[in-house]
Amino acid sequence: MLAPLNDAAAEVGALLLASTDSALRASTIASVIVDVLPDSACVVHRFVLADGEGEWKAIGAAGDVSVDETSLNGGSPLILPLLSESPELTIYPGSEIRREDYSHLHVTRSVASIAYLPMLREDELVGALEILTFSDVLDPDQLEEIAPILQLAVPAILSAEDVEHTRQNLLDSLHRMSQLYDLEKSLNATLELNTVMALIPVKATAMLACQAIHLWMFEGEALRLKASHGEDATVEEGMTQAAGEGYVADMAEEGEPLLIDDPDDERLALRNANLDESSEVPPVTNALLVPLIQDEAEIGVLEAINREGRPFDEDDQFFLSSMAETVSSALKNASLMMAERKLEILEALVRVSSEITSTLRLDRLLQLIVNSPQNVLPFEVSAIALDTRGRLQLKAVSGMVSLPMGDVQVERLQELLRWLSLQPDPLHLKQTEESGEPNQEAAKSDLPVAVLRHFEETGYRGLYSLPLNDDQGRVGLLLYESSDPEFLDVPHIEMIKILAGQTTVAIRNALLYREVPLISLLEPLMQKRAALLRTNRGRRLTFAAIAAAVVLFLVFCPLPMRVSGDAVVAAQHMVTITAPVDGNVEAVFAHEGQHVSRGDVLGSLNNWQWGAELATTQAKYQEAELAMQDDLAHNAAQSGADRAQVEYLRSEVDRARSRRDSAQLRSPIAGIVVTANLQNLAGQHLDAGAAFAQVLDLSSANVQISIPERDASLLAPGQAAAIKLDSYPQRTWREAVSVVSPEAQAGDGDRTFTAEVEVQNADATLRAGMTGQAKIFIGWRPAGYVLLRRPALWMWQTLWNWIGW
């Protein structure tokens, strides 16, 4: 018992000061009253006005009673005196009340009386004390005794609620700051504009609980819905909205945030006008819109609809505006990246165009078309086919100097071309794998059978084909393939279309050049002969002397003999760095295109478990070493066993250290990182053996030189070779031939043999697919042999075909 009462009030004050939680303070007050009033129970109720209506909530109880959180019924006759203009103390004997009047209480004893004491703050009702007695009916004098406690209860509970409210506001602010930081980190993890736009609604919906969030971007004077997340049957991605057509465009024209919290707003009614009545998606009942500002100019609108549980308010508007600032910054960075990429594509287009228009040799032209754009077009295979009597014939493939007969890749491309030859329009086909299964029917249903079969055989998931046509008809077809179904975006496709137009003109010119009649070469010779016959004897003798000198020169003067052919840089050595053990990627220290040295750390796995294991093993090792030294100092018989234990634990320490060091993912070679979006692996889990990154070895390059079949007999390993590539016309590489292929390769009208040359590539300038010309030094031969060998061989073969047997 707390007695006397003044002492009890002082003790209650001390208890209340020791508690900062409102519920704990209410329970303390109820317990004190139960101690003061024998055989009683007490419930502390809080009265809160919400939407113009009062709501009672139980926040503390003591004694043989329990109560639901939502306690007093506002229509109960017992509490009517509390709701009057002057709330007053009320006592009800148990004989005058029914059980239904206090059905909110869970009691197992007979109630002798119930009393209600109002809790007031400056004549404003903030709560009530509900006191039950089980033996005797309460006397008003008894309730007067607890008045000091009641005076302490009101300020104690209200001050605790203020502290809780302030603390909750601080926690909400910290949570929103962390959400905004996470949003900024996620959006800045990539600079791909389409990826950023698709990610914005997803992240915003996770931060602001609502039915859907839409990202609208300006295209001219209208807004286009670029991305959305959630359910909203009133809009669809790709639609546009101009001023006067909806509240989104009207708000964008004004440039100020818009909050619509009235479900009957006529703007929402217009938005829901086309909603199907049978749709299971709820209509728009409240909306929040904020502008996206970039460099003081409005670039779009971020829209949220249907806040969960309640309409949007000004706090939500402030939070969405904060998100809009981060979104605008991320869109600006991605836009700058796209602008730089377009500039790079245009520069590459100018370079490729100049290369294409610089030659009339058809085989050389075709190699330039499939290999030159690889620095800016992210394809894995490029091929070109020419129209031959109405059929497409494969002529060149990227990375191949010639087309080997029976090659699996060539055969598959030719089979695909049979189907593509029937398609008059450009095709952009891709097979998506949203569920992760490579043979999902949903991903295949829209693709032709021939393309599906090709994808399954090759592993590619995307292709783009473009017919090459001019005013004379079809010239051929240009084809690009990749294992990434989204390997081409809008700038890439625009470049391909421009390149295709220039390619069509260049190929047509090269074909016309090959068809020039032979008479154009013979006519000048006939004119020279006629002029010679019209000269006098002296001039004829002069010509004879000159001819004799030429013969002597051809027989006795040596000249360096060289054979030449097309050169292409073959695919280089690539190393895949894998996770040695299971773990999460803790950090990534490299990015695509970065040059790394052998042993450089590209990333790390979380190693706290291995670090803890190393520390434990080291502790055991040190303990065993101290025990051994002690036994050796005392010449104990145990010293031999101690030494064995120390050696064992030393090996365990080395193994634990090795496991910890294996968390560092290092490059085994020097080269360049070629893994795209490597930074996105941070935080992901890798199984043992899973690929982390790929490094391309650029220290040396293998250049393959295609030598015509007629010159193959002159080739031998060790001969000097000079190589000049189209990408570096001012530079020449000089190395020795390392390998001469024993097997011929089928080319464009001729067979060739391949001579391989290993070229040092310390500055990483040589890249796979680069093309050019190369010459191989055979030795010193008479000038006649050097100059007339090929015509002589052609004449000999022609005569043999006529009269040989």
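The values are calculated or read from the model by the stated rules, or taken from the named source; none is laboratory data. All figures in this text were calculated on a predicted structure; none of them were measured in a lab. Because the Cβ atoms are built from the backbone with ideal geometry, glycine has one as well, and the counts that use them run over all protein chains shown. The area values use the complete protein model at the heavy-atom level, side chains included, leaving out ligands, DNA and RNA. Shrake-Rupley method; radii C 1.70, N 1.55, O 1.52, S 1.80 Å.
Values as computed for the structure displayed
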| item | result |
| --- | --- |
| Folded to 0 to 90 degrees: helix 449-458 orientation relative to the chain principal axis, Cα | 90 degrees |
| When region 663-805 is reduced to its Cα atoms, the Kirkwood hydrodynamic radius in Å | 19.1 Å |
| Computed helical MRE - 222 nm, the chain, DSSP H runs ≥ 4 contributing -39500 (n - 2.57), nearest 500 | -13000 deg cm²/dmol |
| Partner lysines for Lys724 [C-alpha distance under 27 Å; skip if fewer than 8 residues away on the same chain] | Lys395, Lys775 |
| Nonlocal amide H pairs with Leu89, under 5 Å, H built at 1.01 Å | none |
| Cα-based helix-to-principal-axis angle, 362-371 vs the chain, degrees rounded to 10 | 20 degrees |
| Cys557 accessible area, assembled protein chains, probe 1.4 Å, Å² | 50 Å² |
| Nearby lysines by direct alpha-carbon distance to Lys57 (threshold 24 angstrom, same-chain neighbours under 8 apart not counted) | none |
| Cα-based reach from Lys430 at 22 Å (exclusive), listing lysines while leaving out same-chain residues under 8 positions away | Lys226, Lys444, Lys497 |
| Projected-area average for the chain over all orientations - Cα convex hull basis, square nanometres | 66.9 nm² |
| Within the accessible area of the chain (1.4 Å probe), percent carbon and sulfur | 53 percent |
| Mean Cα-pair separation over length for the chain, i.e. relative contact order, pairs under 8 Å, 6 or more apart, % | 8 percent |
| Efficiency of FRET from Cβ geometry, His175 and Ser95, R₀ 51 Å, rounded to 0.05 | 0.40 |
| Full-extension gain in nm, Gln679 to Asp763, via 0.36 nm per residue minus C-alpha separation | 27.7 nm |
| Ranked packing of 694-703, 284-293, most packed first, by mean Cβ within 10 Å | 284-293, 694-703 |
| Per residue accessible area of region 341-405, 1.4 Å probe, in Å² | 45 Å² |
| Charge sum, other residues only, whose C-beta stays under 10 Å from Val475's C-beta, Lys/Arg counted +1 and Asp/Glu -1 | 0 |
| Net charge over other residues, Cβ less than 13 angstrom from the Cβ of Asp316 (K, R count +1; D, E count -1) | -4 |
| Cβ crowding within 10 Å averaged over residues, with 759-767, 308-316 ranked highest first | 759-767, 308-316 |
| Nitroxide proxy distance, nm - points 7 Å out along Cα→Cβ at Asn194 and Leu83 | 6.2 nm |
| Separation of the Val48 and Ala209 label points, Cα + 7 Å toward Cβ, nm | 1.5 nm |
| Per residue accessible area of region 683-805, 1.4 Å probe, in Å² | 57 Å² |
| Sites Lys724 and Ala587 - FRET efficiency at Förster radius 60 Å, r taken between beta-carbons, to 0.05 | 0.85 |
| Extension gain (nm, one decimal) between Arg167 and Ser76, 0.36 nm per residue minus Cα-Cα | 29.3 nm |
| Crossing angle, helix 314-356 versus the chain [Cα axis fit, 0-90 degrees, rounded to tens] | 0 degrees |
| Estimated FRET transfer efficiency (Asp262, Gln294; beta-carbon r; R0 41 Å; 0.05) | 0.85 |
| For Met119, residues with placed amide H under 5 Å, excluding near neighbours | Val126, Gly127, Ala128, Leu129 |
